[in-house]
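Encoded as structure tokens, the structure appears first; notes follow it.
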Amino acid sequence: MKNFNIGENIGFGLDRVLNNLVFFVFVFLSIFILMMGFSYVDPSSLPFFIAFTSNVILFIIYLLLSLVFFIGLYKIALSLTTKEKVEIKKTDDLLPVFPKFVLTVFTYNLIIFLGLICFIIPGIIFLIKYQFAPFIVLNEKNVGIRESFKKSSSLTSSLCWKLFFFELILGFVNFTGLLCFGLGLLITLPTTIVARAKIYKELKSKGSAFYGKSLTK
């Protein structure tokens with residue numbers, strides 16, 4: 001039967017992050033520096049067209065770099081479910097799956113947004129139901145975008161309430177990190193992602209029979 005322990009998985013994520021703290025601090029500080037480097041161009045300092053074009057280009061570059069960081073973090077989180085230390089070489093196969101991952105994340109957030117504007121509750125349901133889709137497209141190379149959502153739905157079935165409380169706890173953990181002048185997010189954000197990756201691997205293993213059967217319907 002599929003199940004998981006909330007406290008154990010969050011503790012697992014925290015342990016893995018603390019074991020690789022220098023790496024995560026370096027990565028997040030690098031992203032922060034990049035964000036400051038691609039800051040907004042004041043239209044009053046340049047002709048409007050040049051300032052507007054510069055801001056669009058800077059936004060696109062920053063968005064692409066953020067997505068690269070995001071997919072790398074998800075891939076590292078998956079590897080940390082079985083390894084104690086970060087292995088950069090585990091991220092050398094991300095280019096082929098990058099477009100699929102981006103479309104999956106975009107679709108996931110779009111579904112949540114549409115659900116939230118439809119009386120909020122559907123958005124929360126979709127957030128819980130499809131949260132493992134990005135992990136699936138990274139971990140299962142031959143799975144398409146649509147199939148990743150189906151597989152995520154099969155993994156989360158009958159566990160929606162527990163996953164809901166899990167997400168509430170993760171939200172509280174990240175909020176606590178934000179209160180520490182934002183520096184706590186250096187630890188809490190990767191902790192929550194590793195915890196999700198661990199639960200995905202755990203549910204996939206425990207519910208493998210149901211996982212495959214549900215896709216044949």
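The values are calculated or read from the model by the stated rules, or taken from the named source; none is laboratory data. All of these numbers come straight from a predicted model, not from anything done at the bench. Cβ coordinates were reconstructed from backbone atoms using ideal geometry, including for glycine residues, and neighbour counts include every protein chain displayed.
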- Item | Hits in the range 127-147 (condition: hydrophobic (A, V, I, L, M, F, W, C) and either closer than 18 Å to residue 95 by Cβ or in a helix (DSSP H, G or I) (or both)) | 127, 128, 133, 135, 136, 137, 138, 143, 145
- Item | Every residue from the range 134-180 that is of a type in the set (Lys, Arg), at pLDDT 90 or above and loosely packed, with under 14 Cβ neighbours inside 10 Å | 146
- Would you check if there is a residue in the range 162-172 being touching a Leu at 6+ places or on another chain (Cβ under 9 Å) and outside any helix (DSSP H, G or I)? no
- Query: Within the set of pairs 6+ apart or on separate chains, which have a first residue in the range 193-217 that is under 14 Å from residue 148 (Cα atoms) and at pLDDT 90 or above, a second that is assigned to a helix (DSSP H, G or I) and of a type in the set (Gly, Ala, Ser), and C-beta atoms under 8 Å apart?
  - Reply: none
